[in-house]
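Contents: one structure, followed by commentary.
The values are calculated or read from the model by the stated rules, or taken from the named source; none is laboratory data. Given the structure is predicted, the values throughout are model-derived calculations rather than measurements. Every residue, glycine among them, receives a Cβ derived from its backbone with ideal geometry; neighbour counts consider all protein chains shown.
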Amino acid sequence: MTGHRHDGGGGLRWLLTYADMITLLLAFFIVLYASSRVDTRRYTDVVSSIRVAFGVPPRPRPIVQAGHGGTALLPFPDMTGLLVQQLSAHVEEEIKAGSVEIERTEKGAVLRFQDSVLFGLGSAMLSDDAKRILDKIARPLLNTPYAIEVEGHTDPLPIRSSSFPSNWELSVARATAVIRYLVAAHHFSPTRLAAKGMAENQPLVPNDPAHGNPRNRRVELHLLAS
C-alpha cells in the first residue's frame, strides 16, 4: 500500500495564534501609553481656575518638564501658599503696620493679630477695627476646607476683674469672641472652628518682669489642612 503524507493544512496554524497574541500585546501597550499621557491643556486650565478662585492672577508655567529620562509632571499647586498670598494681599496695610503677621506652619498657616488692634485693654469685646480686619480675611477663609483654631494669648501681667479672674478667662473669651463674629457675620460653620485660651503660657518673645511684652498679647488663627 502506498503511503500518503497528510498535514491537513495545519502546518501554519500556529502563526495565526502567534499573530493574535502579538496583536493583543500591541493593543495592551497602546492603552498603557494612552493612559499615561497628560492632557496639559486641561491641567493648565485646572491650575488657572484654582489660582483665580483664591484671588491670585493666573500665570502660565510649564506643566510637563522634559529631561533626559523623559517627561515628568510638575507638582500640584500649593494651596496653602496661594491662600497665604491672598490673605496677605487683603491685610497688606496691617502687615506693614506690624499689627498682623501671616506665616506658614507645618500644619498649614497662622494669622497672628496683636491684641491692641482687636480689643481694648482688659476687654474681650471686638473693636470696630477688629471687625474690619476680620471682614477682610473672612471671604477667602470661608471658601477653604481648612479647620480653624483660634487661640487667645496674654502676657504674665495679672488681671483681676469680675469678668476675668485670671488671664485664662481673658484669653479664651477673646478667642471665643473672634469665633462668634465669624459665625454670626460670615456664616462660618461652627464645626470648623475651635477656641483655645493659652493665657501667658506660650510667649513669642521674653517678657519684661514689670511690663510683660505687647507681642505676646495676641490672638492667633491657626489654619489646619486636613
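For this structure, a couple of remarks:
- Selected residue [assigned by TED's automatic domain parsing to the domain that holds residue 139, touching a residue at least 24 places away in the same chain (Cβ under 8 Å) and within 26 Å of the chain's Cα centre (by Cα)] from 218, 180: 218
- Considering residues of region 106-133 that are in a helix (DSSP H, G or I) and among the acidic types (Asp, Glu) only, the residue nearest to residue 158 (Cα to Cα): 115
- Checked against (1) within 30 Å of residue 178 (Cα to Cα); (2) modelled with pLDDT of 55 or more; (3) out of contact with any Ser or Thr (no Cβ under 9 Å at 6 or more places or on another chain), residue 124 meets all criteria but (3).
- Residue 104 at pLDDT below 95 and either assigned by TED's automatic domain parsing to the domain that holds residue 183 or surrounded by fewer than 20 Cβ atoms within 10 Å (Cβ to Cβ) (or both): yes
- Flag for residue 138 being within 28 Å of the chain's Cα centre (by Cα), surrounded by 19 or more Cβ atoms within 10 Å (Cβ to Cβ) and not aromatic (Phe, Trp, Tyr): no
- Failed item in (1) touching a residue at least 12 places away in the same chain (Cβ under 8 Å); (2) more than 23 Å from the chain's Cα centre (by Cα); (3) loosely packed, with under 13 Cβ neighbours inside 10 Å, with residue 121 passing the rest: (1)
- All conditions but one from (1) more than 24 Å from residue 210 (Cβ to Cβ); (2) touching a residue at least 12 places away in the same chain (Cβ under 8 Å); (3) not acidic (Asp, Glu) apply to residue 98; the one that does not is (1).
- Odd one out for residue 110 among (1) modelled with pLDDT of 95 or more; (2) in contact with a helix residue (DSSP H, G or I) (Cβ under 9 Å, 6 or more places away or on another chain): (2)
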